[in-house]
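Reading through the structure tokens given below for one structure.
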Amino acid sequence: MNSQLLIQTTANAIAASGMYALIAVGLTLAFGVMQMANLAHGHFFMVSAYTVYALYALGGWPFWWAVAAAVVVGGVLGLIVERAIFRPLQGDVVSGFIATMGLMFVFEVLVGEIWGWGLSRPIPSPYMRAISFMGASVAFQRVLLIPFAVVSIGGLMFFMRYFRLGRALRAVAQDPEAAALQGININKMTALALSIAGAYAGLAGGLMSTIYAVTPSLGGHLILPALIVVVVGGMGSIGGATLAAVIFGFVITFVTTLVDGVTAVMVSVTVMAIVLVIKPQGLMGRVVA
Amino acid sequence: MSLLKVEKFRLWGLVPIVAGIFGLCILPFFARAYLIEVVMMYFIYIILAQSYRLIVTIHDWQLYHIVLYGVGAYTSGMLAKDLGIPVFAAIPLGGAMAAVVGVAITLPLLRTKGWGFYIATYGLAELIRLSWLKFRNPFGGSTGIINIPWPPVIGGIDFSEGIPYYYFSLAVMLVVMYMLYRIENSQIGDSFKAISMDPELAASTGIDIPRHRLMACAIGGFFAGIAGGLLVHRLGAVDPKLFNIVTMMYLLIWVVVGGTNTFWGPVIGVSVMHTLFELSRPLIEIRPAFFGLTMILVLIFLPGGIGSLISKAVDRFRRADILSAGKAEGEGA
């Protein structure tokens, strides 16, 4: 590996870390607040990427308007899933994750029927430029995601710590019954958590849509790394998910570049198993008695 | 008097089972070859779903069961092809291998709780499945393994033919179901249920939870491996695509729609959902969405599955029966 490839891969790894962080933070937030795992979370990303495709590549909207629409679409999907699946199944973790597994199929078929199967949809990047850095060139579109990820995740942490609503979310995560006794409306909080989760996945999907080959099965490919990130970070921990996203962003990108994508998944699963043997609750997870 | 009624009722319960077995036994005499092949797949899937249910009774909804089915298929196929081990010995060896792999996956995850456990089992299952894809030697990569030996001729019966293999797999299914039934109604089965209901209480009565969880996944894994062995020696080939998360999803659909509270639930689930699966072949593109939606609706509106409906109806019938018996007694006195 020469230095040029090293720099390029590092830049890609940072961008991938940002993307995994954006996806995993929402997943872990939803898990923390309602103890429910959303396996269709990767499909929020996929549907948002298709939103950008439909509005920007087909509809001729400005790129940023399309991304904003993708964020809204992600948030609305989160709301719908909360209302239609998680609320009726309240507290039943197993049923929740099996039901969202079914939802993966529904999304995939809907998108496939609307926009076609198999073919990947190329979306022209609005920023064709590449940044040259020490002889390596890095696509600007990839770098673009990094400031967004930093600001939105930093913002979420700030929100969770200092805002009334954020503190209410954390209260529900710690003890729903006690939170309800304090007058916190739990249903509103879970709806809020799920729509934040959906919007973050939508942001990632919108921004990365020009880089990924957008196909209906994109969500299925992304969900395993995202879930690994959440589990390793410690379920429900935003900081942990961010840390784990950086670790796996680098592991996956470097192994994919040096060997191949299949090996990258195998290596990351092995890393996950090792972490879980040493710390069963994940890197920054709380020990639940 | 009323006790006698209950006993009689239990005997009546055997009628549909005996009738079902009899029907399956005489089916090859008037069914076309294609139908026999289709019904054979039901036998394999019922073994798979029943063995998964055993693990579910302890509340470990792991997501690697399909991969254990694959481990059984690969092991059995490779033993028969590469080492020349007779097919009927290779199938149980495949089951044993699946049990070992199941324990090896669960062992490092025993301390991970709840959702993390489910996801980690999915991850480790992918690790195994992707290793079949990655290591072309000896697993054959994405094309898998072909030219797996057919079952031999024993006592003049050629088991590579459809009908003899049909009876063979029917027999295996019945034996497996009988064994699972006995396990469920043994002390081990009771411990499994105690653990799923209240792990802390179960532990306080002296039940060794980790040991029972490993036992459940070893037993369930063994039978999943048997199902894989049955499959591979009928298809004569195996590839990693057969064992991906989509197939796992269909297994979950059978088990959830049939219901896990009753022993017969998964049998009903396989019978109903796999029939719908076969009938919906023309709609192959939208079929997954239909099945996904069915599962969501069943989970929300009928959490016990179809099995719970039937056991509820039987209960009502039984209660009415006992009541009327009691009334008759009262009138007689």
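Bear in mind that the values in this text are calculations on the coordinates, not laboratory data. Keep in mind that what you see is a predicted model, and the values were worked out from it rather than measured. Neighbour counts run over all protein chains shown; Cβ positions are idealised from the backbone, glycine included.
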With a 10 Å cut-off between alpha carbons and a GNM built on chain B, which of B:230, B:283, B:124 moves the most?
B:283
Which distance in nm do the two modelled labels at residue B:131 and residue A:188 give, with both placed 7 Å along the Cα-to-Cβ direction?
5.2 nm
Per residue of A:32-40, other chain Cβ atoms within 10 Å number on average 2
Suppose R0 equals 51 Å; then what is the FRET efficiency for residue B:26 and residue A:76 from their Cβ-Cβ distance, rounded to the nearest 0.05?
0.35
Once amide H atoms are placed 1.01 Å from N in the peptide plane, what residues at a sequence separation of 5 or more from residue A:133, or on another chain, have their amide H within under 5 Å of its amide H?
A:138
Summing -39500 (n - 2.57) over every DSSP H run of at least 4 residues in the protein assembly as shown and dividing by its residue count gives a helix-only mean residue ellipticity at 222 nm, to the nearest 500 deg cm²/dmol, of -25000 deg cm²/dmol
Between the residues B:97, B:120, B:156, the Cα farthest towards the positive end of the dipole of chain B, that dipole coming from +1 and -1 charges on the beta-carbon of Lys, Arg, Asp and Glu, is from B:120
Taking the Cα centre of the protein assembly as shown as origin, work out the dipole magnitude from +1 charges on Lys and Arg Cβ and -1 charges on Asp and Glu Cβ, in debye rounded to 20.
860 debye
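Looking at the square roots a ≥ b ≥ c of the eigenvalues of the Cα gyration tensor of region A:134-186, which shape do they give, rounded for a/c under 1.5, prolate if a/b is larger than b/c, or oblate?
Prolate, since a/c reaches 1.5 and a/b exceeds b/c.
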Beyond 14 Å, how much of the Cα-Cα pair distribution for region B:246-333 remains, as a whole percent?
69 percent
Among B:256, A:123, B:297, which residue has its Cα positioned farthest towards the positive end of the charge dipole of the protein assembly as shown, with +1 placed on the Cβ of Lys and Arg, -1 on the Cβ of Asp and Glu, and the dipole taken about the Cα centre?
A:123
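What's the average, rounded to a whole number, of partner chain beta-carbon atoms within 10 Å of each residue's beta-carbon in A:273-281?
Mean shielding by partner chains, rounded to a whole number: 5.
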Which distance in Å, rounded to a whole number, links the C-alpha centroids of region B:81-96 and region A:158-237?
48 Å
Restricting attention to the alpha-carbon atoms of region B:45-243, what are Rg (one decimal) and Dmax (integer), both in Å?
17.5, 57
Inter-label distance, nm, simple model (7 Å from Cα along the C-beta direction), residue A:137/residue B:153:
6.9 nm
Quote the convex hull volume per residue of chain B, based on C-alpha atoms, as a whole number of Å³.
175 Å³
Taking placed amide H atoms and a strict 5 Å upper bound, the residues 5 or more places from residue B:60 or on another chain that come that close are none
Angle in degrees between helix A:3-34 and the longest Cα principal axis of chain A, rounded to the nearest 10
20 degrees
Would you work out the charge dipole size for region B:246-333 about its Cα centre, treating the Cβ of every Lys and Arg as +1 and the Cβ of every Asp and Glu as -1, and quote it to the nearest 20 debye?
100 debye
Compute the relative contact order of region A:18-218 as a whole-number percentage, counting only Cα pairs closer than 8 Å that sit 6 or more residues apart in sequence.
46 percent
Could you give me the ³J(HN,Hα) list for region A:157-171, computed from phi with Karplus coefficients 6.51, -1.76, 1.60 and θ = phi - 60°, whole Hz, x at Gly and Pro?
4, 4, 4, 5, 8, 10, 9, 4, 4, x, 5, 5, 4, 5, 5
Please work out how much length the chain gains when fully extended from residue B:207 to residue B:83, using 0.36 nm per residue of separation minus the C-alpha to C-alpha distance, in nm with one decimal.
40.5 nm
Taking the Cα centre of chain A as the origin and placing charges on Cβ (Lys, Arg +1; Asp, Glu -1), which of A:151, A:283, A:43 is farthest toward the positive end of the dipole?
A:151
Shielding by partners, peptide B:285-298 (average Cβ within 10 angstrom, other chains)
6
In a Gaussian network model of chain B with springs linking alpha carbons closer than 10 Å, the residue among B:197, B:78, B:173 that fluctuates most is B:197
Low-density loop chymotrypsin sites (Phe, Trp or Tyr not before Pro), region A:141-198, at most 10 other Cβ within 10 Å, DSSP non-H/G/I/E/B, are none
Just to confirm the number: angle between the C-alpha axis of helix B:65-82 and the first principal axis of chain B, 0 to 90 degrees, nearest 10?
50 degrees
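Taking a 27 Å limit on the Cα-Cα distance, which of the listed pairs B:193/B:312; B:113/B:193; B:241/B:312; B:113/B:241 fall beyond it? Show your work: numbers first, answer last.
Numbers: B:193/B:312 20 Å; B:113/B:193 18 Å; B:241/B:312 39 Å; B:113/B:241 29 Å.
Where the Cα-Cα span goes over 27 Å, the pairs concerned are B:241/B:312; B:113/B:241.
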Answer in debye to the nearest 20: the dipole magnitude of region B:45-243 about its Cα centre, from +1 Lys/Arg and -1 Asp/Glu charges placed on Cβ, is 360 debye
Whole-Å distance linking the alpha carbon centroid of region B:247-274 with that of region B:27-64 is 9 Å
Equivalent-ellipsoid semi-axes of the protein assembly as shown, from the Cα gyration tensor, Å, largest first:
45, 31, 23
Express in whole angstrom the spacing between the alpha-carbon centres of region A:1-64 and region B:111-152.
27 Å
So the angle from the long Cα axis of helix A:63-81 to the longest Cα principal axis of chain A, reported in degrees to the nearest 10, equals 30 degrees
